[in-house]
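For reference, the structure is listed below as C-alpha cells.
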Amino acid sequence: MKTHSRTVVSIDWDYFTGDTRGYADPCCLCQWRCAPAAPDRRHKRSRNNRAADERAERGKLQGQEKFYRLTPKHALEFNFAACLELTVDPMAKKLKGAQVIVADCHGSIYRYLNAHDIVINFDAHEDRGGTLAYPNCANWASKAADNKGVHYIWNYSSWDPKFPARRVGLVFMCLSSPYTPPKMDHHFYEMVRVVSAHAGASPKFVGLGARELEKKYKENSK
C-alpha cells in the first residue's frame, strides 16, 4: 500500500490578488522558456500600463474578495492582514521546520515534489490544463499526479479552504508575475517573510528570475 511521504503547501500569489493578467501573457504564450535548461527570457511586466492597472482593479475573482476592502472613501484597498488571517495563520504551527521555496513560475514546483506527496494548493487557477509536454505553470498539478502519484487538493477561493492536517514538510510560494500586479509585490515578499518565520527557515529562491526575486526580497526586508 502506497503512503504519502509528506504534506506540501503551495501558495500562488494570484490566490490573493485575483487573476489580473494584462502585465504579460501566461507563460504558455509569453516565452518564459519554462522548458528544462532553458535560458531566462521572461517578458518584463509593464509598470506604467494604466489600462492594465484598471483591469487589475476590475479583475478580482469572486473568491478573492475577502482579501480586499472598501475604504471610507469607497476606494478598493488590498487587505493584506486578511490574507494572513485567512490563509497563513490557521496553519502557522504546522509550518515549523518546513523548507520554504520561492519562485516566479509555478511550474518550478514540479521538481521539488516527491512521489505520493499531498499538495494543498492555494491558487486562482487549478493548474491541471495546458498541452505542453514538460511541466509548466498551467499543468504542473496534472503532471505531478500522473507522473509522481501526488495527491492534489486545490483551494480556489477563501470561502472554504482546506488546511494541512499534519506538519508541513515544504512550502512553495510563487509570485506568478504574469497574473499579478507589480504594485502589490511588496506584500508578496512580506508574506514570504512571515511564512519563513513560522517555518524557522530562510527562503530558497529557484527557477527563472530567482536572483531578481531574492534581490527584491532582501530590499523589502530592510
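Bear in mind that the values in this text are calculations on the coordinates, not laboratory data. All of these numbers come straight from a predicted model, not from anything done at the bench. Note that each Cβ is placed from the backbone with ideal geometry, even for glycine, and that neighbours are counted across all protein chains shown.
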Check your understanding: What distance in nm separates the simple spin-label points at residue 77 and residue 96, each placed 7 Å from Cα in the Cβ direction?
Key -> 3.5
Exercise for review: Using the structure shown, list the pairs from 73/93; 93/218; 148/222; 148/183; 94/215 with a Cα-Cα distance above 31 Å, or answer none.
Suggested key: 73/93; 148/222; 148/183
Practice item. Quickly work out the residue 166-to-residue 222 label distance, labels modelled 7 Å from Cα along the C-beta direction, and quote it in nm with one decimal. Key: 4.4
Point to revise | Nitroxide proxy distance, nm - points 7 Å out along Cα→Cβ at residue 85 and residue 190 | key: 1.4
